[in-house]
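One structure below.
The values are calculated or read from the model by the stated rules, or taken from the named source; none is laboratory data. These numbers come from a predicted model, not from an experiment. Don't worry about glycine lacking a Cβ; one is built from the backbone with ideal geometry, like all the others, and counts go over all protein chains shown.
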Amino acid sequence: MQLIKDDIDLSEYMSDAGKEHRVIPASSWKNEVIDCFHKPDETPKIRMPWLKTQSEFHFRPSEVSLWAGINGHGKSQIVGQVAHYLCEQNQKVAMASLEMRPVATMARMTRQAYGSDMPPVQYIEKFSQWTDGRLWVYDHVGSSDPRTMAAVIRYAVDKFGVQHFIVDNLMKVVNGEDDYNAQKDFVNSLCVIARDTGCHINLVLHIKKLKNETDIPNKFDIKGSGAITDLVDNVFIVWRNKAKESAIRMGEEYSADDPDCLLILDKQRHGETEGRYRLYFDKGSMQYMEDRRELPRHFKSEIGVSIDDVDF
């Protein structure tokens, strides 16, 4: 892990000067249109961790994705697992976890990588070395503001070549749940940065309070300005199956095949599909898995320390 310090000079990245607008003939894109249909797509497909999603969604450059859900439904945990998988694909990732100290963020990601609740010192050391050059964390906890956050993203892209930036979450950047214009302006600025830099930006935010926490939300339940979902390219909803959890606690009957979590792709502007993906949560590793019979995944590649290699 490498830190983007809170006290760096961001003044040169605060400018958001617009570029010259040009109106040119539509035929100017003829060759690119031909390539869309007839040239093999050799662009690497950057995927999420779950096989069931990998043919339906890819992280494309210059896009903005929303990750929304009810408070406490696991948005940040899922995004952390996704961030690690991006690093596995040799992508450069930066995270601004404004509600968690960097050490807590990295402790959770290390636990997810190890596949158990107590990674040994040897594994932590190796994993931390492996993240260098792949993962950066913005060293700031608490409220920020749109201009500073935009500058941090531009700085991370310029200085470290970051390809994916995670902002967790919107309400820590825009002060006021009802300031819809500020929310719209900030999300629009993220879309501009993504377009200008090629970075894929992920923004975590909350769902409105529903009548019942067991109701499955959709993109229209996202808290804040309705323009947010209109502006972005992709919208994910994270929903935790509280009814199943309650049945387990109360000793009532439940179906073990019912998912612990739904990951819902509710919008994909440049894709051809949307979908619902059933996931199962392992408390020890804090991993979301595709099948309830699946064992937690242990990341060993390039680290060289397996569960069998260490003493407990």
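Among the residues of the range 269-294, those that are of a type outside the set (D, E, K, R) and out of contact with any Ser or Thr (no Cβ under 9 Å at 6 or more places or on another chain) comprise HIS270, GLY271, LEU279, TYR280, PHE281, MET286, GLN287, TYR288, MET289. One residue stands out among those in the range 160-178 that are of a type outside the set (Val, Ile, Thr), part of a loop (DSSP other than H, G, I, E, B) and crowded, with 17+ Cβ neighbours inside 10 Å: the one that is nearest to the chain's Cα centre (by Cα), which is ASN169. If you filter the range 215-230 down to residues that are closer than 11 Å to LEU205 by Cα and at pLDDT below 90, you find that the one that is surrounded by the most Cβ atoms within 10 Å (Cβ to Cβ) is GLY224. Of the residues making up the range 81-107, those that are crowded, with 17+ Cβ neighbours inside 10 Å, out of contact with any Asp or Glu (no Cβ under 7 Å at 6 or more places or on another chain) and of a type outside the set (A, V, I, L, M, F, W, C) number 6. Regarding PHE236, is this residue among the aromatic types (Phe, Trp, Tyr), at pLDDT 90 or above, in a helix (DSSP H, G or I) and surrounded by 13 or more Cβ atoms within 10 Å (Cβ to Cβ)? So PHE236 fails the test. Filtering the range 179-210 to residues that are outside any loop (DSSP other than H, G, I, E, B), among the charged types (D, E, K, R) and out of contact with any helix residue (DSSP H, G or I) (no Cβ under 8 Å at 6 or more places or on another chain) leaves ARG195, ASP196. Suppose the filter is surrounded by 12 or more Cβ atoms within 10 Å (Cβ to Cβ), free of Cβ contacts under 8 Å to residues at least 60 places away in the same chain and either closer than 22 Å to LYS52 by Cβ or among the hydroxyl-bearing types (Ser, Thr, Tyr) (or both); does ILE264 pass it? Taking the combined requirement at face value, the residue satisfies it.
Of everything listed in (1) buried (at least 18 other Cβ atoms within 10 Å of the Cβ); (2) part of a helix (DSSP H, G or I); (3) at pLDDT below 95, the single unmet condition for ASN31 is (1). Look at the range 105-121: where a residue is over 11 Å from HIS84 (Cβ atoms) and without any contact (Cβ under 8 Å) to a residue 60 or more places away in the chain and a partner is assigned to a helix (DSSP H, G or I) and of a type in the set (Ser, Thr, Tyr), sitting 6+ places away or on another chain with Cβ atoms under 8 Å, you get PRO119/THR110.
Picking from residues in the range 179-207 that are over 15 Å from the mean Cα position of the chain (by Cα) and of a type in the set (S, T, N, Q), the one that is nearest to LEU86 (Cα to Cα) is THR197. Please go through (1) touching a strand residue (DSSP E or B) at 6+ places or on another chain (Cβ under 8 Å); (2) of a type outside the set (A, V, I, L, M); (3) buried (at least 17 other Cβ atoms within 10 Å of the Cβ); (4) over 26 Å from ILE70 (Cα atoms) for ASP132 and return the number of the only condition it doesn't satisfy. Single failed check for ASP132: (3).
Can you tell me how many residues within the range 60-95 are among the hydrophobic types (A, V, I, L, M, F, W, C) and either under 16 Å from GLY161 (Cα atoms) or in a helix (DSSP H, G or I) (or both)? So that I can check it myself, show each step before the final result.
Going residue by residue through the range 60-95, those that are among the hydrophobic types (A, V, I, L, M, F, W, C) are 64, 66-68, 70, 78-79, 82-83, 86-87, 93-95.
Pick out the ones that are also either under 16 Å from GLY161 (Cα atoms) or in a helix (DSSP H, G or I) (or both) and you get 78-79, 82-83, 86-87, 93-95.
Counting residues in the range 60-95 that are among the hydrophobic types (A, V, I, L, M, F, W, C) and either under 16 Å from GLY161 (Cα atoms) or in a helix (DSSP H, G or I) (or both) gives 9.
Close contacts from the range 11-35, counting a first residue that is closer than 30 Å to ALA150 by Cα and a second that is of a type in the set (S, T, N, Q) and modelled with pLDDT of 70 or more, with Cβ to Cβ under 7 Å and a gap of 6+ residues or different chains, come to ASP16/SER189. Considering (1) without any contact (Cβ under 8 Å) to a residue 12 or more places away in the chain; (2) within 22 Å of GLY176 (Cβ to Cβ), the lone condition that GLU252 does not fulfil carries the number (2).
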